[in-house]
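What follows is one structure encoded as structure tokens, with my remarks underneath.
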Amino acid sequence: MINIFKNKYFYLLFIIFFILLFINSIVVDNTKHIKKCNKLNFKQTSVLHPKNFSAFQIKIKFLNDKKWHSHQLKNRKSYVKNNYYLNKNKNKAEIIISIPNKVKCSLSAVIKPHGDLEDHHTPFNLLPSLQVKLKDGHIFGITNFILFKPKTRVSIDSEILATLVINELGLLAPRSSKVSVKYNNTKADFIFQEKIVKEFIEINNYKEGEIISFDDRFTYIKNSDIMNTSQYKLVNTKWAKKNNILRYRNNLEVLNAVRNNHSFTDGGSDDLYSTAKRFNLDSMFNQFPKFSAIMTAINADHGLSIDDRRFYYDSLNNNYIPIYYDGMSAFLSQNGIYKPVISSAVIGAKETLNSFNKINNSEFNKKLKLLGFDRTNQEVKLILNKIKNNLIEIQNLDEDNIVKPSFENNKNNKKLNNFKYVFKGKKSSIYEICDEAFYNCYMSELDDKSIYKLISQKLKIEDQNAIFIASNKNFFLNDTWLFNIKDNSNKENSYTFSDKNSSFVLKTYGDINIDFNDKSNELYIIKNNIKSRVLMLNGKINNIKIYFRDNTNLEANTDTFRNITGCLTLYNMELINVNLDLKNSKCEDAINIIKSKGNINDIYIEDSIADGIDLDFSEINIANLHVKKSLDDCIDVSFGKYAIAKMFADGCADKGISSEYSSIKLESAIIKSTNMAIVSKDYSFIEINKAHISKSKYCINAYNKKQEFSGGEVQINQIECDLGLIDKDYMSQIRIENNHVF
């Protein structure tokens, strides 16, 4: 292709084009007359609830159009110089979103171009693909997103179909829809897709945790050796620092060990599961076969390549969760699957087919249409049958059509320039730094700031890029990395608890005493160390009473350990007639129940150093809840559906009940001596039949706290409150007795 900047005449024409484009962009700014999205009232903000995610319209107005075009020219120059776009310059903008006949409002944003290659940026007289970070408000609970030019993801319909199918199967994929984008006098359809950040993780019912992607610094260096030793990296460094993950093993270690023990194919599917299985680590990758199968069935194999993979690390379940990204699904134009396929796709085909057969075709078709998928009902029916047939074909493939895994350690021992390799030392702050050939090495102590840069693959040493190998050097070079992965000093004891009615995995960290009385069905837990924790997961508790006592001494604790905030944590559990009794807890939560369902008879919690009980991503019914003397909230709930028959809360320093993005139905509540008795925030709905509140500064509060949400709602039939203070913001609603609305 002719380089336009090597011809002075083309260069001059290019400059003139941008000048004309700027002149053409001088239009009347009417964004000032549009109401801000974060100033909408309760009824208006309900339109932007995440459950209403659909196709919509956007209008973009850069605050300094001249600067935007200047940045575009610089970006084009970077491509000519480096063979890829740097996309560095950020631009302030005001955008107007419109959902016809429902809502129209404006948001402040910072925008920069997106995409390394030409397909994201051509033709130059139109907008490129864009990364958008909202500075206020949200769009369907999303504040960080990408506007993709359709051709960069094959087509709008392809990306909508791929992401929705994956979501319907219970796997992770970013919400995607069609969006009509207007900029000055141009209008074009783009793909709206949320970024893989905190709000994406939480809306999919996982706790905020490690997000991992491939180190792409060397993607455009034409050297397969450096690509062979490139590693996965931590993406969300801010979260990591806040939660001080350096105190326990960074979970890049296992992932990179698996990645480095099978052959790398440039652009080909990367079968991490088969390697993990060889080393008996497949339990940490148990979603991979299902993910591989559906990606293969919809011709999205591109998203299985090593550099396009994204992961969430579920620290509670010790599991890597694959996330769809850049699948480039050619399904709508491709007949049949690409062969050969990776082994994990064949392994997962049966399970995937069973899940796929449970999809309601009619409901699926409705969702597609809301997202802007432009096909008839008959076409959608044929598409679903085609996916089903592809899964059947994958399930029945013979060995000649299955990729045979090649297990070898990917290490570079050739002399390259401007790279340093960094290995783990014997102590957590000591690292071994080597040249490109691993010959000249020395030990060095790194501070926390440098270590966070290191695990994010952003560290430079002596002005050279550092590649972090999350292993001892000798283990790496001698092909013994996977055999020598060890737990950190905080050992966990794990075993399966089983009796006639209950079965679950029980893990203890630190000094914990456990005793079970099988005659009375009572489980006794005693915590003897500040950082000790108990985790019950992946099973069922039926008709058991759990007693928890904390024998440690601590006046204040906001510490989290391995992303575990509860002294006692129940994760992915079915609860049947459970009873809980907890006292003197010295953790962020006395008990944290996550991703669980069922019913609890009685909960009694007393003298907690922070929250009494925290319920996340669950559906729980509680008959009786009794919480006294918590130094934070009595009960804190989020991202779930909850029902409480009777609640008694006394002496909690902050809130009696606090709800975020949840629905709660409470029959009767007595709340004493709190700062705020009832708090509904961030799209929560609290419905109470009777409430008696005393010695609390506020009876009811409803408001917006987090940017990705709007206000809260409270509905109470009968209430007694001795102080009578009620407070809400303009995005919220409080309704008391016979439609008295605040």
Note: Tyr220 to Asn675 extended length (0.36 nm per residue) minus current alpha-carbon separation gives 158.1 nm
Of the listed links Lys59/Lys149; Lys67/Lys112; Lys507/Lys628, those spanning more than 18 angstrom between alpha carbons are Lys507/Lys628
Given 202-214, 622-634, the highest-first ranking by average Cβ count within 10 Å works out to 622-634, 202-214
So Lys241 and Asn354, fully extended at 0.36 nm per residue minus their Cα-Cα distance, gain in nm 36.6 nm
So, relative contact order of the stretch 490-632 in percent, Cα under 8 Å, 6 or more apart, is 17 percent
Once both label points are put 7 Å beyond Cα along the C-beta direction, the Asn205-Phe279 separation in nm becomes 3.1 nm
Burial-style ranking of 70-82, 608-620, 721-733, average other-beta-carbon count within 10 Å with highest first, yields 608-620, 721-733, 70-82
Semi-axes a, b, c in Å (a largest) for the stretch 638-742, each sqrt of 5 times a Cα gyration tensor eigenvalue, come to 19, 14, 14
For Asn601 and Ala643, extending 7 Å from Cα along the Cα-Cβ vector and measuring point to point gives, in nm, a value of 1.9 nm
The FRET efficiency for Ile392 and Asn553, from their Cβ-Cβ distance with R0 = 56 Å and rounded to 0.05, is 0.35
Across 10 Å bins beginning at 0, the whole-percent shares of Cα-Cα pair distances in the stretch 490-632 come to 12, 48, 35, 4, 0
Neighbour-count ranking for Cys434, Cys105 (other C-beta within 10 angstrom, fewest to most) reads Cys434, Cys105
Given unit charges at Cβ for Lys, Arg (+) and Asp, Glu (-), the dipole magnitude of the stretch 437-554 about its Cα centre in debye, nearest 20, is 340 debye
Rg/Rh over Cα atoms for the chain, Kirkwood Rh, comes to 0.98
1/(1 + (r/R0)^6) with r = Cβ-Cβ of Cys441 and Tyr84, R0 = 25 Å, i.e. FRET efficiency to nearest 0.05, evaluates to 0.20
Computed about the Cα centre, the charge dipole of the chain from +1 Lys/Arg and -1 Asp/Glu charges at the Cβ has a magnitude in debye, to the nearest 20, of 2500 debye
In the structure shown, of Lys104/Lys178; Lys427/Lys449; Lys36/Lys88; Lys233/Lys706; Lys51/Lys595, the pairs separated by more than 25 angstrom at the C-alpha atoms are Lys36/Lys88; Lys233/Lys706
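Can you give the calculated 222 nm mean residue ellipticity of the chain, where each DSSP H run of n ≥ 4 adds -39,500 (n - 2.57) and the sum is split over every residue, rounded to the nearest 500 deg cm²/dmol?
Taken over the chain, the calculation gives -6000 deg cm²/dmol.
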With 0.36 nm assigned to each residue of separation and the Cα-Cα distance removed, Lys36 to Thr376 gains 118.8 nm
Lys151 and Ser333 label points (each 7 Å along its Cα→Cβ direction) are spaced in nm at 1.1 nm
Per the 1/(1 + (r/R0)^6) rule, R0 = 56 Å and r from the Cβ atoms of Leu73 and Arg735, FRET efficiency to 0.05 is 0.50
With the charge dipole of the chain built from beta-carbon charges (+1 for Lys and Arg, -1 for Asp and Glu) about the Cα centre, the Cα from Phe285, Tyr495, Leu130 projecting farthest to the positive end belongs to Leu130
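Every number in this text was worked out from the coordinates using simple rules, so none of it is lab data. Treat the numbers as computed from the prediction; the structure is a model and nothing was measured. As a convention, Cβ positions derive from the backbone with ideal geometry for all residues, glycine included, and neighbour counts pool all protein chains shown.
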